[in-house]
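Beneath this line is the structure, given in structure tokens, with notes to follow.
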């Protein structure tokens, strides 16, 4: 495939995000320019309050920027309404959160199946795809366990399986290892690396742990709502 | 997708079965009371109609005054005499039987027992016409009737209340200043559809009543049976004409007596029953409304509790419409469940009530359908507001919710 002919997967131009008005106004993003090509592996870093989470929300189409433009695979996201952004998330994006965010009292399989329900796929197909995603994260034998019966690392892997199930182009991971010990964190990072390498899924990850950022090919550092640094990095795992 | 939403709703409801049950309790009670009320009401109507028909559809009552049964019962208008009844019996070809009688409430005393009952001053003709048969002892003789002898016949209730296990025949019963001998016991007749115990009665000869109880020659009611080969309406016209003549009512003047067709009474009673049924059902309907508010309340709590779930669903690509449908369908399924349980409970209560009141159990599919549709409607109306709140959530806020 000739990549140069394609528009970049994610293109942010002069993105600003302002909360509140007057005295209480907070400028979370003060003009972000960021281009992510398909298949990239980004680590977004920065102190808390630097705007990295806000940027993730904008990229994930959960939040709308106050200014600037955001194109996803050439489509102007700012022109999309709420429901169209939901469609974009459904078909192109997968989310992994620090707190796993699995539905309680719902089996791993049902959790993974969730995005597929909204895709309107028939039940047999959904179960096959969810099963496949669980296999990929090594939890095929835990399909019928509730989140409360799984360890933190396993829960996060279920969450990754959920993000994967809809076969998205991009996985957005917000502090995916924030609640895990080092060993489990490494397992999660190995998994993400594998998905990036073998399946060509673009990974955008927010983290404040240098160790975890090591896995990424590109480091973007946020400071006070701006990108302070953006450089390629040779990942040891790669 | 709708099937999925339905599955999801059932899943959510049974995930918290106890709370779901408590949530729909209001609907259950509402639907149950509407169905029970209507079922019992319709059963009573069937019973009333049947009772009146058993009296004979060609039966009419003549009472003094114009109010009749409609406005507070009998009035103080000029009463009748035995001669009036005799005139009707003798002069009208359309009338088979005309029997005069009197009724009053009285305390019957035997030994140290006393019991408030209904005293009837009757003739054997009347007792025959009203199907009062003697179970023990005998009825009045003509001689006793003519002489106004102090003899009485008791209903089963009076016998039980006053005599218990003592054989009553030959005993002396005191009715105010009248001491009368018990000569017979009536066959039990049960309660009327008014709930009046027909066995709670004492009968004495009409003349005894007039002389010893009332102290005059008045007759308060004339019981008439029209001949079976003529229409009741014609008999009524005849009776009215004759009575106007006997009471010297000039043309253009209003009657000072009423001729009551028992068929009319049946329709009046049926009317009263249906109004009562309607009123009670309306009250029950209000509890349906309250039940709906209960559902809204719990759904609002549920939406708040499940904020994070909503956030997750939005993040993985649920559209507002889909979240709205999820909660709306959940509310509807909840209230329909309440409707099903309420229908079952209502029918059970209706059957029990029918049994206790000895009226026929007549469940009406239409009412069940309406109560059911209403409960679904409650789900839609009271589920919409919480569902809309869920659908309008901001995904970021929702995901952050603890």
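The values are calculated or read from the model by the stated rules, or taken from the named source; none is laboratory data. As the structure is a computational prediction, the values presented were derived from the model and not from experiment. Glycine also receives a Cβ, built like all others from the backbone with ideal geometry; neighbour counts cover every protein chain displayed.
Residue A:115 fails exactly one of the following numbered conditions: (1) within 12 Å of chain B (Cβ to nearest Cβ); (2) assigned to a helix (DSSP H, G or I); (3) over 19 Å from the mean Cα position of the chain (by Cα). What is the number of that condition?
Checking residue A:115 against (1) within 12 Å of chain B (Cβ to nearest Cβ); (2) assigned to a helix (DSSP H, G or I); (3) over 19 Å from the mean Cα position of the chain (by Cα), the one that fails is (3).
When the residues of the stretch A:126-141 are narrowed to those that are buried (at least 20 other Cβ atoms within 10 Å of the Cβ) and assigned to a helix (DSSP H, G or I), which ends up farthest from the other protein chains (Cβ to nearest Cβ)?
Going through the qualifying residues, I end up with A:134.
With (1) surrounded by 20 or more Cβ atoms within 10 Å (Cβ to Cβ); (2) at pLDDT below 85; (3) within 14 Å of chain A (Cβ to nearest Cβ) as the list, and residue B:371 as the residue in question, which single condition is left unmet?
Residue B:371 satisfies all of (1) surrounded by 20 or more Cβ atoms within 10 Å (Cβ to Cβ); (2) at pLDDT below 85; (3) within 14 Å of chain A (Cβ to nearest Cβ) except (3).
Residues being part of a strand (DSSP E or B) and touching a strand residue (DSSP E or B) at 6+ places or on another chain (Cβ under 6 Å): count how many of those fall in the stretch A:198-225.
Total satisfying the criteria: 9.
Would you check if residue A:25 is more than 14 Å from chain B (Cβ to nearest Cβ) and buried (at least 22 other Cβ atoms within 10 Å of the Cβ)?
Against the criterion (more than 14 Å from chain B (Cβ to nearest Cβ) and buried (at least 22 other Cβ atoms within 10 Å of the Cβ)), residue A:25 does not qualify.
Among the numbered criteria (1) closer than 30 Å to residue B:232 by Cβ; (2) crowded, with 17+ Cβ neighbours inside 10 Å; (3) modelled with pLDDT of 85 or more; (4) in contact with a helix residue (DSSP H, G or I) (Cβ under 8 Å, 6 or more places away or on another chain), which single criterion is violated by residue B:246?
So residue B:246 meets the others, but not (2).
Is at least one residue of the stretch A:81-101 touching a helix residue (DSSP H, G or I) at 6+ places or on another chain (Cβ under 6 Å), away from every other protein chain (no Cβ under 13 Å) and without any contact (Cβ under 8 Å) to a residue 60 or more places away in the chain?
no
Checking residue A:68 against (1) touching a residue at least 24 places away in the same chain (Cβ under 8 Å); (2) more than 14 Å from chain B (Cβ to nearest Cβ); (3) in contact with a helix residue (DSSP H, G or I) (Cβ under 8 Å, 6 or more places away or on another chain); (4) surrounded by fewer than 21 Cβ atoms within 10 Å (Cβ to Cβ), which single condition isn't satisfied?
Unmet for residue A:68, out of (1) touching a residue at least 24 places away in the same chain (Cβ under 8 Å); (2) more than 14 Å from chain B (Cβ to nearest Cβ); (3) in contact with a helix residue (DSSP H, G or I) (Cβ under 8 Å, 6 or more places away or on another chain); (4) surrounded by fewer than 21 Cβ atoms within 10 Å (Cβ to Cβ): (3).
Going by the structure shown, is residue A:108 at pLDDT 95 or above and either within 13 Å of chain B (Cβ to nearest Cβ) or closer than 20 Å to residue B:399 by Cα (or both)?
It is true that residue A:108 is at pLDDT 95 or above and either within 13 Å of chain B (Cβ to nearest Cβ) or closer than 20 Å to residue B:399 by Cα (or both).
Could you tell me how many of the residues in the stretch A:29-50 are under 25 Å from residue A:81 (Cβ atoms) and buried (at least 23 other Cβ atoms within 10 Å of the Cβ)?
Of the residues in the stretch A:29-50, 2 are under 25 Å from residue A:81 (Cβ atoms) and buried (at least 23 other Cβ atoms within 10 Å of the Cβ).
Give B:38, B:10, B:62 a once-over and let me know the one that is at pLDDT 85 or above, part of a helix (DSSP H, G or I), away from chain A (no Cβ under 13 Å) and surrounded by 23 or more Cβ atoms within 10 Å (Cβ to Cβ).
B:38
Specify which of the listed residues (B:183, B:224, B:213, B:236) is in a strand (DSSP E or B), closer than 25 Å to residue B:87 by Cβ and touching a strand residue (DSSP E or B) at 6+ places or on another chain (Cβ under 8 Å).
Result of the check over B:183, B:224, B:213, B:236: B:224.
Condition check: part of a strand (DSSP E or B) and in contact (Cβ under 8 Å) with a residue 24 or more places away in the chain. Does residue B:125 satisfy that?
no
Among the residues of the stretch B:290-313, are any within 14 Å of chain A (Cβ to nearest Cβ), outside any helix (DSSP H, G or I) and over 26 Å from the mean Cα position of the chain (by Cα)?
Scanning the stretch B:290-313, I find at least one residue that is within 14 Å of chain A (Cβ to nearest Cβ), outside any helix (DSSP H, G or I) and over 26 Å from the mean Cα position of the chain (by Cα), so the answer is yes.
In the stretch A:71-89, which residues are within 18 Å of the chain's Cα centre (by Cα) and more than 15 Å from residue A:202 (Cβ to Cβ)?
A:77, A:85, A:86, A:87
Here is a check on your reading of the model: is residue A:123 in contact with a helix residue (DSSP H, G or I) (Cβ under 9 Å, 6 or more places away or on another chain), surrounded by fewer than 17 Cβ atoms within 10 Å (Cβ to Cβ), within 14 Å of residue B:395 (Cβ to Cβ) and at pLDDT below 95?
no
Here is a list: B:293, B:204, B:265. Which entry is over 25 Å from residue B:358 (Cβ atoms), in contact (Cβ under 8 Å) with a residue 40 or more places away in the chain and surrounded by 15 or more Cβ atoms within 10 Å (Cβ to Cβ)?
B:204
Just to be sure, is residue A:160 within 14 Å of chain B (Cβ to nearest Cβ) and in a helix (DSSP H, G or I)?
Answer is yes for this residue.
Looking only at the stretch B:128-146, how many residues end up being in contact (Cβ under 8 Å) with a residue 40 or more places away in the chain and farther than 20 Å from residue B:96 by Cα?
Selection size over the stretch B:128-146: 10.
Within the stretch B:209-229, is there a residue that is free of Cβ contacts under 8 Å to residues at least 60 places away in the same chain and buried (at least 22 other Cβ atoms within 10 Å of the Cβ)?
no
Go through the residues of the stretch B:87-100 one by one and say whether even a single one is part of a loop (DSSP other than H, G, I, E, B) and within 29 Å of the chain's Cα centre (by Cα).
no
Looking only at the stretch B:143-166, how many residues end up being in a strand (DSSP E or B) and either modelled with pLDDT under 90 or not assigned by TED's automatic domain parsing to the domain that holds residue B:133 (or both)?
Here the count works out to 0.
Could you check residue A:116 against (1) touching a helix residue (DSSP H, G or I) at 6+ places or on another chain (Cβ under 6 Å); (2) farther than 25 Å from residue A:196 by Cβ and say which number it fails?
For residue A:116, the failing item is (2).
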